[in-house]
Every structure is written in C-alpha cells, then in structure tokens.
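Peer 1: Dropping the structure in here first, questions after.
The values are calculated or read from the model by the stated rules, or taken from the named source; none is laboratory data. Note that the structure is a prediction, hence the values are computed from the model and not measured. Positions of Cβ are generated from backbone atoms using ideal geometry, with glycine treated the same way; all protein chains shown enter the neighbour counts.
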Amino acid sequence: MFAVEAHNLVKKYKDVQALNSLNFKIEQGEMYGFIGPDGAGKTSLFRILTSLLIPNKGSATVMGHDVVKDYREIRKISGYMPGRFSLYPDLSVEENLQFFASVFKADIQENYHLIKDIYSHIEPFKKRRAGKLSGGMKQKLALSCALIHKPEILFLDEPTTGVDPVSRQEFWEMLGRLQKDGLTIVVSTPYMDEASRCDRIAMIYRGDILAEDTPEAICNMVDGELWSAAGAQGYNLLIFLRSCSECVNVYPFGQEVHFQFHGDHENMQEKVREQFPDVILREIRPSVEDVFLNLSADAAKEKEVLNG
Amino acid sequence: MKTILIFIQKEFLQIFRNRAMLPMIFVMPLIQLLILGSAATFELRNIKMEILDQDLSPASRELTARFQHSPFFIVSNNANDIADCEFALDKGWADCYLVLPEGFERDLVNRQGAEIQLVLNSINASAAALINAYSTAIATEYVQSLSDGSGQSIPMIESTYSYYFNPEMNYPSFMVPGILALLITMIGLFLSSMNIVREKEIGTIEQINITPVKKYQFIAGKLIPFWIIAQVELAFGLVIAWLLYRIPMEGSLLLLFSFTAIYLIVVLSMGLLVSTINRTQQQAMFVAWFFMVLFIILSGLFTPVDSMPGWAQKINIINPIKYFIEFIRMVLLKGSGFAETKHLFAIMGAFAGILLPLAMWQYRKRE
C-alpha cells in the first residue's frame, strides 16, 4: 500500500484551474516534497489530501482511505500543519497543546516521546500566549500540536515560510528524526534549496507536476551543459545572451545569469568576452532551481503554443 | 460529550481572556439601562413657548398665567409681533408660539367662541403632537373654569381612567424590560456571529476541521457558552433594573428564563448563520447590524406594533425580537403565566426548530 496515491486529481475554482489532473504515489516512510512557486497549487493539493477540500475530478487515497468517502479515517491518522499559523493566539502554548490533544482524544503523557525533541525547545515558554511567540517557536508549537495524536502521516504546507534560516535548519533536522521513527512526511516548500532534504520531490507549476524524482536525478535532468556568467553589467549580460541565437534557456539566477547554448563552448566564451571583458564564465552543475526554471519555461512555452 | 466540554472550556478561557469582553458583558447593560431607562420618557418637559398677547385683557392674562404655571412650559412674553415670534422659532429660542388675538376676551364673553393660534416647530413630529395635546388640555381646562364660575353649566362628559399593568404610567417599567430583551439579543447575536468568523479569519478553523470532531460537537461547543453568558446577562440586567427602577416582576422568573432559553437558540442560530455566510468579522458585523436594526425598529420597543402599517406588521411575523419583547412585558408587568403565553412558546419553538438545523446544515467542515 502506498501512503498517498493520486489519480487524475483535478481542482477548479471559479475561473482558475488549480490542479490539472495530478498523478503521483508516495511510499510509506518517505519524505516527499512538493516544490513550486506561490500559486502552483500546493495548498489546494494539501487541502484535498487532508479532506478539507473535495476534488472536482479524480481520486486520491491516504493510507488506503479515500479522501472523499473515508474522510473520517483520514482525520484520525493524519497530522496537518497549514501554511498559515493557525493555533489559538490567545491561548497559551500549554493550553493549545492540551486542547488539540483532547480533541483527538490523545494523551499528552503517553505521546510525549513523539514531541519531546521539539516541544522541549518551547517548554520554558509554556505559559506564554501562542500569539506572542517568535516565528520559529510558533512553528515548533504547530508541529507539536500536529504530532500529539500520533499520526501515521504528516502533511506540512510550507512549514518554513517566514522562518529564520537557523530555525529552518533545525526544523528540517527534526523532520529527519521523525522520518526515522517511521512517519511518512509530505511537505511543500517554495524554497528550492530545501528540496535536497527530501527523498523524492515533485516539481509543481501551475497545477501540473513537471517532474518527479529524487533530488539528484532531478538535477541531472538538464540536457547539455549549463553555464553561468557573472559580471558587473548583469542586466546587459542577460539582454545580450538572450539576443544570441546560439543561447537557449537564459535566465537570471541571483547575481548571475544561467544559460545553455548550441555549439562549441570556446567560440561562445570568445563571443561573450568580446562584449564583456570582465565576465566570469564557468560551467556549473544544475541545481533544483535550474531544473525548475528550465522546465517551467518549457511548460509556459507549450501553453502559449496550445493557446495559439 | 467530553469533546463538547473541552470546547466549552476553551471558549470560556478565550472569552474571559479577551479584555473587551467582560466590560462588554457587565458595563454595557448598566449603561444602557441607566441611559435609556431614565433619559427617554413619555413626557415632554421644558417646552419653550412664546406667548404673543394682542388682547391684553384679564382673560388673556389668565390663560397666559395658566401656561406659566404648567410644569411643562417655560413661557416668555418678549415678542411684540408675529415677526418676533417667527424669529424666535427660527432661532430655536422657542419650540412654539401662541397668539392670543385682539378681541379674545370679547369673543369669549359673548360666547361666540374665541380663537387662538398655536404654531409649532414640528421637526420632531411626536414632540409637536405632545405640545399640541398639552396646550389644548390647558385651554380646555380654562374654558371649563369659566363656565363653572358663571354658574351656567355646559353638559360635559367626564371620563375616568385607569392604566392597567403600569398604573403610574411609569416609563422605566415600560422601557426597561424591552431594553433587557435588546441586550441579550445583542450579546447573543454579536458574540456568536463574530466568533466563528474570527476562527475563519485567523485560520484556526482549518485546524479544527481536520480533527475528528463532529459538526454537532463543534457547534454545541461554540453556542453553549454564549447561551450561558446571555442568560447570566439577563439575570444581571434584571437585578440592575430592579435596583435602579424597581421594575415590577409580576410573573414567574422561571417562565421568563425558560422562554429566554428557547429565544437564545433562535438568536444564536441566526448568529451562526451569519458567520457561516461571511468570511470576515467586518462582513459579519454589518450583516448582523442590518438585521439587528431592522428587527429593533419593528420590534415595538419604541413605537407600538399595532400602529405600524400592514406590511410592517407582516414583516414582524418573522421578527423574533418582537415576540420576546411582547413576552417579557407580559410576564414582568402583567404577570402572565404559561397559559397566556403558550402561543409565544410555540412560535419561538418553531423558529428554533427551523433556524438551528438550517444553520447547522449551512456550516460545512469541508468545501
């Protein structure tokens, strides 16, 4: 049995197609990441899998339970952390945890070992109102509340958005330990650099899965060499490379410009240096973000063609 | 059952932690009862009247004196002509002016019937009607005294009257029960309609919706605390009303609280409906206010329902506040028992029977 299985999942809002016939399978005990920008459909997908939203077409199961018919079972066995902090800001840390434990008819003492690692960080502040916690502490509290009923599968929708880098690091380490204990973790994030933490990732863009594989395999998906150009005149460099007939997939990447090209790289280097003497050119290994930018540019072009 | 208790406990914790909540529950009724109960009265006092006496006869002076001695009027005689009177009315120095024309006494003595003129500022129509009534009463009294003096009697019908259920026409006795009705309606409607919307706004509803909590448990956990608070509010209001105004409590308080119990189910269901339809507290606030104002105006709190036009009375058929005000006045002032009010119980029961299931059906855990 797969932990999650989706077949041709479609979700439409009034005039937006949020999900376009999605298919994927998640193994039990896996850490699976949905990577994509805002508006890609990640939250809609998570809300369907946690039984909060009913899909227009297609089907999905979580731990063998249908998300539409057996939603009651799903609610018992899954933990969900929405993207927005959604605990009671006027209740204390302790009260929030107690409340969610009681609602799930779970015993804090009995399940304390599950959250000990996380909760111990915020325990000194247990009398503090949840609304007054810092971003990282809120995250830890939310995770504790999502874990207290001993779920079999954990859905985390953008858990690290708005959290400082140190807390993000810590948070992913905690997730790693939870996974080791046998929990299946489904996580979404707009941060491409977090993708490497997952066993497998799916790149999601405008309601479609562009690619699905291990982070390493995804990085190897770029055909041909990928080059980076860095120089003082970043913008002009971008314009120039875009105007070159040999160059394809030219896009800004931080301070640099990443691109691919047809033909010999020595000719290319010469041609660029002619215009920009101080440019630093080097071949690079594609990152997840490169793959995403590549694939999403292709997808966008395809759509344009389809729409005439 | 345990789950419901957990929700109730959580709700109370949040309510009492909210700084605005306790003052709202205990200070609001105090202020409303204090102000509305004593500021608004049936009577109109301190009416500023300008009298223009063009006759300057004993008769006209006698009539002027009667106005001066009336507790309702503050009379001045500064005007020399009609223009002065008009000016005073325009400036707001006078609420009305009375003209006693030349030949007033002569006409009176000749029994031809004398004429006087009263001009009123009618911006407030009901105040103007009252001034007219008071003035007519004083003039009539004066004419009667004349006939008494002359020994020739004119046949008169004298009516004696008795104000049942509020013998002294005590304004607070009439007004305060209605205000109590208003108070618990406001508390019930606003607390319930704001609360669930608030959970939507801060996103906690998502977290609740994915728990195995059943719909009825969640709704019961939400509504029962407000149901209790509103009942406490009524008890508190009754104590204040008794302390401040000694309003009568002729009927059974048990009956009153039982009816309130049903009434609150209706009000809270309305609040729940409002909060299921709206997404933000602001929207919910406006919708709740809209119904609140509409129902209050039509409720008979300020103006009698019987004097409203037919269509308004028809709207009132679905106005729960109207029935509650009717009920609370009947029980507190008249001492009505269950036998006299059972039709109101039936109507309110029907409202509750329709609105609560409707609101529960409207509330969805999933989209």
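Peer 1: Answer yes or no as to whether A:Leu156 is more than 10 Å from chain B (Cβ to nearest Cβ), in contact with a strand residue (DSSP E or B) (Cβ under 8 Å, 6 or more places away or on another chain) and closer than 23 Å to A:Glu27 by Cβ.
Peer 2: Judged against the criteria, A:Leu156 is a match.
Peer 1: Still on this model: So which helices (runs of 4 or more DSSP H) are wholly in region A:29-135 and hold at least 1 residues that are closer than 30 Å to A:Lys12 by Cα?
Peer 2: Numbers: elements: A:42-49, A:71-77, A:93-103, A:108-122.
Helices (runs of 4 or more DSSP H) meeting the threshold: A:42-49, A:71-77.
Peer 1: Oh, and also: Filter region B:228-242 down to residues that are touching a Ser or Thr at 6+ places or on another chain (Cβ under 9 Å) and of a type in the set (A, V, I, L, M, F, W, C) and give me whichever is surrounded by the most Cβ atoms within 10 Å (Cβ to Cβ). Steps first, please.
Peer 2: Of region B:228-242, the ones touching a Ser or Thr at 6+ places or on another chain (Cβ under 9 Å) are B:230-231, B:234.
This time we only want the ones that are of a type in the set (A, V, I, L, M, F, W, C), so: B:230, B:234.
Numbers: B:Ala230: 26, B:Leu234: 23.
Ranking the qualifying residues of region B:228-242, first place goes to B:Ala230.
Peer 1: Can you name every residue in region A:1-56 that is loosely packed, with under 15 Cβ neighbours inside 10 Å and of a type in the set (Asp, Glu)?
Peer 2: A:Asp15, A:Glu27, A:Asp38
Peer 1: Can you tell me which of A:Glu30, A:Glu95 is within 27 Å of B:Ile219 (Cβ to Cβ), modelled with pLDDT of 90 or more and either in the same structural domain as A:Ile209 (by TED's automatic domain parsing) or within 23 Å of the chain's Cα centre (by Cα) (or both)? Step through it out loud before you land on a result.
Peer 2: Numbers: A:Glu30 fails: within 27 Å of B:Ile219 (Cβ to Cβ).
Answer to the check: A:Glu95.
Peer 1: Does B:Ile51 satisfy the condition of being under 30 Å from B:Leu180 (Cα atoms) and of a type outside the set (Phe, Trp, Tyr)? Spell out the reasoning first.
Peer 2: On the way: under 30 Å from B:Leu180 (Cα atoms): no; of a type outside the set (Phe, Trp, Tyr): yes.
Considered against the rule, which asks whether it is under 30 Å from B:Leu180 (Cα atoms) and of a type outside the set (Phe, Trp, Tyr), B:Ile51 comes out as no.
Peer 1: Moving on to the next point. Sort out which residues of region A:261-288 are buried (at least 19 other Cβ atoms within 10 Å of the Cβ) and in a helix (DSSP H, G or I), and write them in order of number.
Peer 2: Correct list: A:Met268, A:Val272, A:Val288.
Peer 1: Quick test of your reading of the structure: A:His121 fulfils all but one of (1) modelled with pLDDT of 90 or more; (2) more than 23 Å from B:Glu199 (Cβ to Cβ). Name the failing condition by number.
Peer 2: Going through the list (1) modelled with pLDDT of 90 or more; (2) more than 23 Å from B:Glu199 (Cβ to Cβ), A:His121 breaks only (1).
Peer 1: Please enumerate the residues belonging to region A:289-308 that are in contact (Cβ under 8 Å) with a residue 40 or more places away in the chain and not in a helix (DSSP H, G or I).
Peer 2: Result: no residue meets the conditions.
Peer 1: For region A:140-166, what are the residues that are part of a helix (DSSP H, G or I) and either under 16 Å from the mean Cα position of the chain (by Cα) or surrounded by fewer than 19 Cβ atoms within 10 Å (Cβ to Cβ) (or both)?
Peer 2: First, pick out the residues of region A:140-166 that are part of a helix (DSSP H, G or I): A:140-147, A:165-166.
Within region A:140-166, A:Pro165, A:Val166 qualify.
Peer 1: Now a separate question. Among (1) within 7 Å of chain B (Cβ to nearest Cβ); (2) surrounded by fewer than 20 Cβ atoms within 10 Å (Cβ to Cβ); (3) over 22 Å from A:Lys42 (Cα atoms), where does A:Ala106 come up short?
Peer 2: So the condition that A:Ala106 fails would be (1).
Peer 1: Same structure again: Test A:Lys116 against the stated conditions and say whether it is within 28 Å of A:Cys198 (Cα to Cα), away from every other protein chain (no Cβ under 14 Å) and surrounded by 22 or more Cβ atoms within 10 Å (Cβ to Cβ). Spell out the reasoning first.
Peer 2: Working: within 28 Å of A:Cys198 (Cα to Cα): yes; away from every other protein chain (no Cβ under 14 Å): yes; surrounded by 22 or more Cβ atoms within 10 Å (Cβ to Cβ): no.
No.
Peer 1: For the structure I just gave you, tell me whether B:Thr211 is touching a residue at least 40 places away in the same chain (Cβ under 8 Å) and polar (S, T, N, Q).
Peer 2: On the way: touching a residue at least 40 places away in the same chain (Cβ under 8 Å): no; polar (S, T, N, Q): yes.
No: the conditions fail for B:Thr211.
Peer 1: Being under 33 Å from the mean Cα position of the chain (by Cα), within 14 Å of chain A (Cβ to nearest Cβ) and closer than 23 Å to B:Met292 by Cα is the filter here; which residues of region B:195-240 pass it?
Peer 2: Across region B:195-240, the qualifying residues are B:Asn195, B:Ile196, B:Arg198, B:Lys222.
Peer 1: Here's something else I'd like to know. Looking at A:Thr184 and the list (1) closer than 16 Å to A:Asp38 by Cα; (2) touching a Gly at 6+ places or on another chain (Cβ under 7 Å); (3) polar (S, T, N, Q), which single condition is not satisfied?
Peer 2: Only one criterion is unmet by A:Thr184, namely (1).
Peer 1: Can I ask one more? Which condition breaks for A:Ser59 when tested against (1) surrounded by fewer than 16 Cβ atoms within 10 Å (Cβ to Cβ); (2) of a type in the set (Ser, Thr, Tyr); (3) at the interface with chain B (Cβ under 10 Å from one of its Cβ atoms)?
Peer 2: (3)
Peer 1: Given the criterion at negative phi and under 15 Å from the mean Cα position of the chain (by Cα), identify the matching residue among A:Met221, A:Met268, A:Met203. Even if it seems obvious, please write down each step before you answer.
Peer 2: Details: A:Met221 fails: under 15 Å from the mean Cα position of the chain (by Cα); A:Met268 fails: under 15 Å from the mean Cα position of the chain (by Cα).
Selected residue: A:Met203, the only one of A:Met221, A:Met268, A:Met203 that is at negative phi and under 15 Å from the mean Cα position of the chain (by Cα).
Let's see how each residue does on (1) within 14 Å of chain B (Cβ to nearest Cβ); (2) closer than 25 Å to A:Asp181 by Cβ; (3) in contact (Cβ under 8 Å) with a residue 40 or more places away in the chain:
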site: A:Val4; (1), (2), (3): no, yes, yes
site: A:Leu22; (1), (2), (3): no, no, yes
site: A:Gly36; (1), (2), (3): no, no, yes
site: A:Thr43; (1), (2), (3): yes, no, yes
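Peer 1: Kindly evaluate A:Val186 against the criterion of being in the same structural domain as A:Asn96 (by TED's automatic domain parsing), under 16 Å from the mean Cα position of the chain (by Cα) and part of a loop (DSSP other than H, G, I, E, B). Working first, answer last.
Peer 2: On the way: in the same structural domain as A:Asn96 (by TED's automatic domain parsing): yes; under 16 Å from the mean Cα position of the chain (by Cα): yes; part of a loop (DSSP other than H, G, I, E, B): no.
Taking the combined requirement at face value, the residue does not satisfy it.
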